[in-house]
1. Being in contact with a Ser or Thr (Cβ under 9 Å, 6 or more places away or on another chain), more than 8 Å from chain B (Cβ to nearest Cβ) and at pLDDT 75 or above, is that true of even one residue in segment A:58-69?
2. With (1) free of Cβ contacts under 8 Å to residues at least 24 places away in the same chain; (2) charged (D, E, K, R); (3) within 12 Å of DNA strand C (Cβ to nearest atom) as the list, and B:Lys89 as the residue in question, which single condition is left unmet?
3. List pairs: first in segment A:50-76 and assigned by TED's automatic domain parsing to the domain that holds A:Ser32, second polar (S, T, N, Q) and more than 11 Å from DNA strand D (Cβ to nearest atom), Cβ under 8 Å, 6+ apart or cross-chain?
4. Given the condition more than 10 Å from chain B (Cβ to nearest Cβ), modelled with pLDDT of 85 or more, farther than 23 Å from A:Gln291 by Cα and part of a loop (DSSP other than H, G, I, E, B), answer yes or no: does some residue in segment A:330-345 qualify?
5. Would you confirm whether or not segment B:79-86 contains a residue that is out of contact with any strand residue (DSSP E or B) (no Cβ under 7 Å at 6 or more places or on another chain), farther than 17 Å from B:Val125 by Cα and in a loop (DSSP other than H, G, I, E, B)?
6. Going residue by residue through segment B:71-84, is there one that turns out to be more than 10 Å from DNA strand C (Cβ to nearest atom) and surrounded by 14 or more Cβ atoms within 10 Å (Cβ to Cβ)?
7. I'm trying to understand the selection: among the residues of segment B:44-60, which are more than 22 Å from A:Gly143 (Cβ to Cβ) and out of contact with any helix residue (DSSP H, G or I) (no Cβ under 6 Å at 6 or more places or on another chain)?
8. Taking the conditions exactly as written (more than 12 Å from DNA strand D (Cβ to nearest atom) and touching a residue at least 60 places away in the same chain (Cβ under 8 Å)), does B:Arg103 satisfy them or not?
There are 2 protein chains.
Amino acid sequence: MDRWTVEGRNADGTQTDDGRPGGSRRPHPMVSITDVARHAGVAPSTVSYALSGKRPISEETRRRVRAAVRELGYRPHTGAGAWTGRGAKVLALVAPLRAGDARAQTVMAYALSVVAAARGHDHDVLLIMREESEDGLRRVADGAPADALIVLGAPRNARPPLLRSLGRPSVLIGSPADPTGLTCVDLDSGAAGELCVEHLAELGHRTVALVGAPPVSLGGTVHAQRVLRGFAAAAGRLGLSSSVHPCPASPAAARAVAEGLLRERPAPTGVVVHDEGVVRLLIDAFETLGQRIPDDLSVAAVRPAGLLTDARLPLSVTSAEVPAAQLGAAAVDLLIRKLNGTHVPETALLPPRLTHRASTSDRPRS
Amino acid sequence: MDRWTVEGRNADGTQTDDGRPGGSRRPHPMVSITDVARHAGVAPSTVSYALSGKRPISEETRRRVRAAVRELGYRPHTGAGAWTGRGAKVLALVAPLRAGDARAQTVMAYALSVVAAARGHDHDVLLIMREESEDGLRRVADGAPADALIVLGAPRNARPPLLRSLGRPSVLIGSPADPTGLTCVDLDSGAAGELCVEHLAELGHRTVALVGAPPVSLGGTVHAQRVLRGFAAAAGRLGLSSSVHPCPASPAAARAVAEGLLRERPAPTGVVVHDEGVVRLLIDAFETLGQRIPDDLSVAAVRPAGLLTDARLPLSVTSAEVPAAQLGAAAVDLLIRKLNGTHVPETALLPPRLTHRASTSDRPRS
DNA sequence: AGACCGCGTCGAAGCGCTTCGACTCCGCGA
DNA sequence: TCGCGGAGTCGAAGCGCTTCGACGCGGTCT
């Protein structure tokens with residue numbers, strides 16, 4: 001810090017400050033409920049009731065209290081609620097993120113919506129980061145700076161069991177392998193798969209393919225399974241020919257899958273891609289192979305919550321997705337309901353919206 | 001919510017929850033200092049002293065207390081500190097940001113560093129957004145969910161006077177017109193201007209120009225003034241010919257300035273640009289005019305904190321800047337010191353670092 | 001007329017923790 | 001031997017607020 005340039009009247013170190021802990025002057029010597037009571041000529045408890053409405057208070061008294069509150073500029077001390085049992089009115093947003101992480105953009109989108117939604121319920125948001133370890137969550141739960149937690153993504157790590165044992169309401173944004181006892185919100189990737197197929201069918205495509213992360217056909221990611229189910233169901237229902245192709249996120253694999261698809265008979269004219277990492281690779285592979293998109297081939301993507309992988313999808317890809325804003329708001333919603341003691345479902349899957357972009361078009365006349 | 005798909009054992013709405021306010025079970029019934037005291041066979045106050053070390057406690061007792069703490073998994077209830085005068089150990093990060101804001105990326109960078117730095121001082125971070133109005137800040141100050149505030153950018157609005165009157169320590173990241181009574185951290189844009197000139201001089205350039213936001217020569221932004229001072233000082237010290245050119249952030253204006261520069265005799269071979277918005281425009285203008293960068297002309301940029309304007313500078317521009325991480329950490333540092341009652345300077349300007357990129361090179365041999 | 005009820009209000013307790021004053025040892029010097 | 005002081009501990013108060021039980025008062029019911 002000694003290397004910082006110092007500017008202004010205090011550059012020489014002269015004290016202009018009052019030196020009190022806290023630094024600056026304190027024009028509001030923290031007006032308490034007792035002050036309000038005194039000013040209104042009633043008991044503190046009466047003030048409390050008048051403000052909360054938990055007991056009948058005469059209109060006259062209520063008016064006097066309100067006046068006193070206004071005149072004194074009284075604001076209940078938030079911290080008080082923290083131990084009076086009412087809760088601190090603070091939610092923790094846990095986002096495992098390191099400096100320079102490419103997911104920062106996405107996390108910010110969630111943070112924005114979570115903060116906005118939380119404010120709508122009169123809560124503030126505590127930002128917890130880099131705390132993948134048990135310790136970060138424990139700290140929040142035991143130390144109780146927050147009443148409840150929203151945890152972003154990363155379903156693979158050890159958090160789910162930990163969350164269950166925290167003893168504090170929480171909502172997970174994402175889909176862990178075993179959501180038992182948790183509350184989760186996520187993209188309804190099954191519906192997203194269906195939506196993509198329906199979209200392709202409407203465009204006239206009769207043969208479609210699903211390309212996804214490796215274990216797309218086996219018991220892979222929860223998402224992969226759901227997408228597969230949705231894809232298959234929709235294809236069956238609409239009477240389309242369909243095939244499924246697992247595809248690791250490597251250029252070589254994408255190339256191989258692309259070649260395979262082109263060799264199929266009947267050749268698919270519409271492709272649904274799951275796993276964002278693969279989308280770009282697959283499109284590149286197709287273009288290398290001389291396919292024009294969307295003229296020869298339509299491509300639609302299913303985008304999961306978008307936290308785990310780099311969120312930079314080519315803008316022009318038609319995709320079924322849920323905006324981070326909605327997921328964040330939904331998470332807060334559920335969390336507030338849990339705080340109120342309302343029962344909430346284990347998993348809430350938000351319906352995707354299909355965003356129609358440049359990568360899909362009518363079936364090529366063959 | 002009725003439109004959400006619900007999945008899992010509770011899809012039918014069956015209660016498996018215990019319905020207690022708070023939702024999930026609570027395996028840790030909030031072990032308090034009294035529990036620890038009882039378990040260790042001492043008085044609560046003794047536990048407090050044993051843990052804080054504020055009074056002499058026998059080694060024996062201290063050991064028993066520590067054991068009890070460990071066995072019971074005791075963690076002091078954070079909220080308690082909030083009113084016991086110790087502070088809640090929470091900093092508020094105030095970032096005026098709306099959904100979809102392009103500055104999200106930048107804000108996230110600050111948030112990351114602020115959270116990390118705050119954790120280093122055993123503090124948590126409360127995220128406040130969209131609260132440009134007086135109300136957001138007032139709420140934090142009066143309700144006291146946070147001990148102190150870090151306010152990001154936007155020096156133009158009405159916040160500075162408000163901050164002064166809040167009665168809570170705060171640090172502003174950015175440079176308001178009048179920093180009196182505040183504490184601010186920012187890029188040392190004067191030094192940044194010098195650095196750019198020195199860099200150009202080292203490369204052999206003998207004639208340099210400064211292009212910046214409109215009032216670069218008059219009493220404009222604090223930054224603009226500082227850059228100008230630094231630029232002029234360095235140019236004078238190094239014996240370079242120099243000129244200064246205000247330039248609004250419009251393509252036409254950039255074009256005009258570029259043409260003017262090329263007509264000058266001696267013609268500048270090195271250009272220092274302040275105001276990120278102008279950088280791209282000016283480079284475009286030069287290229288349109290047939291100038292190659294850096295072969296014909298070297299361009300170096302001064303980047304302010306980067307909060308107010310879109311931060312997406314072309315990656316290839318040599319620039320003098322301060323990483324958000326450092327600014328965030330510095331802000332936390334100052335804030336913690338204020339909380340400790342230490343006196344801190346009014347303005348701390350962080351030394352820029354010159355990042356050498358593709359837009360500058362040796363003076364063209366003429 | 002007396003018993004009862006309930007509205008509106010008050011006082012006090014208590015949440016988890018820190019802190020201040022007080023109290024008890026014990027060892028030391030006078 | 002007594003007194004003194006320091007080390008080590010305890011008890012109680014108090015932070016700002018909610019909440020529970022109680023109380024007074026005016027009106028109703030019998």
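1. Applying the first criterion (in contact with a Ser or Thr (Cβ under 9 Å, 6 or more places away or on another chain)) to segment A:58-69 yields A:61, A:65.
When the remaining residues are screened for being more than 8 Å from chain B (Cβ to nearest Cβ), the result is A:61, A:65.
From the residues that got through so far, the ones that are at pLDDT 75 or above too are A:61, A:65.
Yes, segment A:58-69 contains at least one residue that is in contact with a Ser or Thr (Cβ under 9 Å, 6 or more places away or on another chain), more than 8 Å from chain B (Cβ to nearest Cβ) and at pLDDT 75 or above.
2. (1)
3. Within 8 Å, the pairs are A:Ala50/A:Thr61.
4. Looking only at segment A:330-345, we keep the residues that are more than 10 Å from chain B (Cβ to nearest Cβ), and these are A:331-332, A:336.
Imposing the further condition that a residue be modelled with pLDDT of 85 or more reduces the set to A:331-332, A:336.
Filter again for farther than 23 Å from A:Gln291 by Cα, leaving A:331-332, A:336.
Narrowing further to those that are part of a loop (DSSP other than H, G, I, E, B): none.
No, that holds for no residue.
5. yes
6. If we filter segment B:71-84 for residues that are more than 10 Å from DNA strand C (Cβ to nearest atom), which is where we start, we get B:71-73.
When the remaining residues are screened for being surrounded by 14 or more Cβ atoms within 10 Å (Cβ to Cβ), the result is B:72.
Yes, segment B:71-84 contains a residue that is more than 10 Å from DNA strand C (Cβ to nearest atom) and surrounded by 14 or more Cβ atoms within 10 Å (Cβ to Cβ).
7. Step one: of segment B:44-60, the residues more than 22 Å from A:Gly143 (Cβ to Cβ) are B:55-60.
Answer for segment B:44-60, where residues must be more than 22 Å from A:Gly143 (Cβ to Cβ) and out of contact with any helix residue (DSSP H, G or I) (no Cβ under 6 Å at 6 or more places or on another chain): B:Pro56, B:Ser58, B:Glu59, B:Glu60.
8. Working: more than 12 Å from DNA strand D (Cβ to nearest atom): yes; touching a residue at least 60 places away in the same chain (Cβ under 8 Å): yes.
Criteria met by B:Arg103.
The values are calculated or read from the model by the stated rules, or taken from the named source; none is laboratory data. Owing to the predicted nature of the structure, the values given are computational and were not obtained by experimental measurement. Positions of Cβ are backbone-derived with ideal geometry, glycine not excepted, and every protein chain shown enters the neighbour counts.
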